[in-house]
Every structure is written in structure tokens, then in C-alpha cells.
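Asks: Starting off with a structure, shown below.
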Ligand code: DGL
């Protein structure tokens, strides 16, 4: 039994899709969510830089917030840093790439799957590696979608511009005939409606959030780290960006009140 919180981080709001899945599946657990909005987006940055941000954030969550586990709720950071973070910390570290691939492989019927993500994630080859390591036996078509994250961070999840951009960016995965599309960026589930319309009804959209939450639950149970205290766990939100904006957008995206947002500065 372990009453310490679970830490979750992302470059901004995207990891809230993972936090939401955790809150739904594990309502008794306490969560500290960190959004590095002051330094978003991570997608276009060099992976070395994303790795160094991820190390800083993970140390902050472990030392300052005493978390019992860290969920890297960001594909770009998972691609850049997960292996190193696992090596550097004693607490369990969970990324979103392996759970996403598992969910996608379970969903496909024609064994042709697409994954969309940031430039950093797609260029890293992390999804191709995960498919190979899971001996998944699927053909993967990876495609970067620069611009999607910026729409989400501005709160524009259903506009004509997002639709036009989606038509253009998703054309290659559509042409590849995939029957399953993995949203390989934690921001993208907020655009699911538009992406679904563009891909068509026959294509199943998969987000890694639920599968990641299942993995977190399995680890907590295996390691005996489930929270002992009865009642709902508290959720804390910390942002390196504008906390007022985080409160407003966070509440909209999470679908529940984000009351308190603490400011964090990297000075
Ligand atoms: N949400 C992130 C991901 O899953 C990163 C988005 C960004 O900062 O570019 O890759």
C-alpha cells in the first residue's frame, strides 16, 4: 500500500487525456499533473532537448512531489527519454508508446495500421521499434501531423481550419488503406471528431490513454502500491505556463473542474 501520488507529465494539455483515463480507472489514486506549457511544443524540438526537459520534470516530480510512479503522458517525451528515465529512477516509469501499439494491434482486422504523431515521435522510429519488439505482425504507416498540437493548445478542436489541415495531413494514411489509426500524440484525442470524419467510419481510432491506465493499474497491483486511504484521491495540476489559461482550458479538455493550478518556473 502506498499513498503517494502518481506523477503524469506532458508538454502541455495533451497528457490530460491520460490523466482522465487514470482518474476514471483509479479514482482512489492521487495524481500530480505537470504541463510544461512554457516550453511546448516538444514535437519540433531535437530529441536531445526533449530528453533533457523530461529528465528535469521527472526529477521534480520524484523529489518535490514524492510521486510513487511517473507516467510520461507524451509520445515525444516517451520516444526521447523513457529508456533513460527508467535507468535513472527507482520508481516505475510508464510511457504511452507500448500501450498504444498493444491497443492498436488488438483492434486491427486487415493488419494495416496507421500512426500519427509529432515530427519528433515519427522521426524517432519509436513506433516502428515497438511494433517490431511486440512481434505484432502488422504493417505500420507512420505520418507526422505538424500543426495539430498548436490547435489543441489554442482550444480550437473543431474548426474548419483543423478540418482542412486534417484532410491534407491524413491523406497518406488514408491512401495506405489502414483500418486502424493510432493517435500517437496525447493531444490528438481532442481532435478525434475531426480526424474520425476525415478518416471515415470504417477506420477505428485508437488512443493510448486507456491502455496506459490499465498498465498503471497492473503495476500498482503487482508492486503492492495501490493507495490505501479510502475515498477519492486529490488531483493537483502544475504548469510552467499561464495558470489562468491552464485552469480554463484544462477544465474544458478534462471535462471536469481544474480548480487549483500551481505555477512552476524553470528559472
Ligand atoms: N502531447 C505530446 C505528444 O504526445 C507532445 C506535443 C508537442 O508538444 O508537440 O507527443
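The values are calculated or read from the model by the stated rules, or taken from the named source; none is laboratory data. Keep in mind the model is a prediction, meaning the values are calculated, not measured. Neighbour counts are summed over all protein chains in view; Cβ atoms, including those assigned to glycine, are modelled from backbone coordinates with ideal geometry.
Asks: Does region 93-138 hold any residues that are over 14 Å from residue 182 (Cβ atoms), in a loop (DSSP other than H, G, I, E, B) and at pLDDT below 95, and which are they?
Replies: Within region 93-138, 135, 137 qualify.
Asks: Same structure, new question: Right, residue 198: under 19 Å from residue 14 (Cα atoms), at pLDDT 95 or above and not in a loop (DSSP other than H, G, I, E, B) or not?
Replies: Values: under 19 Å from residue 14 (Cα atoms): no; at pLDDT 95 or above: yes; not in a loop (DSSP other than H, G, I, E, B): yes.
Criteria not met by residue 198.
Asks: Among the candidates 25, 61, single out the residue that is in contact with a helix residue (DSSP H, G or I) (Cβ under 8 Å, 6 or more places away or on another chain), under 19 Å from residue 216 (Cα atoms) and in contact (Cβ under 8 Å) with a residue 12 or more places away in the chain. Show your work before the answer.
Replies: Details: 61 fails: in contact with a helix residue (DSSP H, G or I) (Cβ under 8 Å, 6 or more places away or on another chain).
Checking each option against the conditions leaves just 25.
Asks: Please enumerate the residues belonging to region 24-62 that are within 17 Å of residue 261 (Cα to Cα), away from the ligand (no atom under 16 Å from the Cβ) and part of a helix (DSSP H, G or I).
Replies: 60, 61
Asks: Here is a further query. When you scan region 165-179, do you find a residue that is part of a loop (DSSP other than H, G, I, E, B), crowded, with 20+ Cβ neighbours inside 10 Å and at pLDDT 95 or above, even just one? Don't jump to the end; show me each part of the working.
Replies: First, pick out the residues of region 165-179 that are part of a loop (DSSP other than H, G, I, E, B): 176-179.
Among the residues that remain, those that are also crowded, with 20+ Cβ neighbours inside 10 Å are: 178.
Next, from what is left, pick out any that are at pLDDT 95 or above: 178.
The answer is yes, given that some residue of region 165-179 is part of a loop (DSSP other than H, G, I, E, B), crowded, with 20+ Cβ neighbours inside 10 Å and at pLDDT 95 or above.
Asks: Quick check on residue 107: is it more than 22 Å from residue 45 (Cα to Cα) and touching a helix residue (DSSP H, G or I) at 6+ places or on another chain (Cβ under 7 Å)? Even if it seems obvious, please write down each step before you answer.
Replies: Working: more than 22 Å from residue 45 (Cα to Cα): yes; touching a helix residue (DSSP H, G or I) at 6+ places or on another chain (Cβ under 7 Å): no.
No: the conditions fail for residue 107.
Asks: Being touching a strand residue (DSSP E or B) at 6+ places or on another chain (Cβ under 8 Å), over 24 Å from residue 266 (Cα atoms) and surrounded by fewer than 22 Cβ atoms within 10 Å (Cβ to Cβ): is that true of residue 31 here?
Replies: Details: touching a strand residue (DSSP E or B) at 6+ places or on another chain (Cβ under 8 Å): yes; over 24 Å from residue 266 (Cα atoms): no; surrounded by fewer than 22 Cβ atoms within 10 Å (Cβ to Cβ): yes.
When the stated conditions are applied, residue 31 does not pass them.
Asks: In region 47-58, what residues are touching a residue at least 40 places away in the same chain (Cβ under 8 Å) and closer than 20 Å to residue 144 by Cα?
Replies: Of everything in region 47-58, those that are touching a residue at least 40 places away in the same chain (Cβ under 8 Å) and closer than 20 Å to residue 144 by Cα turn out to be 47, 50.
Asks: Has region 16-23 got at least one residue that is farther than 22 Å from residue 257 by Cβ and touching a strand residue (DSSP E or B) at 6+ places or on another chain (Cβ under 9 Å)?
Replies: Step one: list which residues in region 16-23 are farther than 22 Å from residue 257 by Cβ, which gives none.
Looking through region 16-23, none of the residues is farther than 22 Å from residue 257 by Cβ and touching a strand residue (DSSP E or B) at 6+ places or on another chain (Cβ under 9 Å).
Asks: Restrict the check to region 223-232 and report whether at least one residue is touching a helix residue (DSSP H, G or I) at 6+ places or on another chain (Cβ under 6 Å) and either at pLDDT below 95 or over 16 Å from residue 14 (Cβ atoms) (or both). Reasoning before the result, please.
Replies: Step one: list which residues in region 223-232 are touching a helix residue (DSSP H, G or I) at 6+ places or on another chain (Cβ under 6 Å), which gives 226.
The next check asks that each one be either at pLDDT below 95 or over 16 Å from residue 14 (Cβ atoms) (or both); those that pass are 226.
Taking every residue of region 223-232 in turn, at least one turns out to be touching a helix residue (DSSP H, G or I) at 6+ places or on another chain (Cβ under 6 Å) and either at pLDDT below 95 or over 16 Å from residue 14 (Cβ atoms) (or both).
Asks: Identify all residues within region 77-132 that are over 14 Å from the mean Cα position of the chain (by Cα), more than 30 Å from residue 5 (Cβ to Cβ) and buried (at least 19 other Cβ atoms within 10 Å of the Cβ); write none if there are none.
Replies: Matches in region 77-132: 105, 108, 113, 114, 122, 131.
Asks: Condition test on residue 111, is it more than 16 Å from the ligand (Cβ to nearest atom), touching a residue at least 12 places away in the same chain (Cβ under 8 Å) and more than 25 Å from residue 21 (Cβ to Cβ)?
Replies: yes
Asks: Would you be able to say whether some residue in region 146-164 is modelled with pLDDT of 95 or more, in contact with a strand residue (DSSP E or B) (Cβ under 6 Å, 6 or more places away or on another chain) and buried (at least 20 other Cβ atoms within 10 Å of the Cβ)?
Replies: no
Asks: Within region 64-86, which residues are part of a helix (DSSP H, G or I) and closer than 19 Å to residue 49 by Cβ? Step through it out loud before you land on a result.
Replies: First pass over region 64-86, keeping only residues part of a helix (DSSP H, G or I): 75-86.
Those that are part of a helix (DSSP H, G or I) and closer than 19 Å to residue 49 by Cβ: 75, 76, 77, 78, 79, 80, 81, 82, 83, 84, 85.
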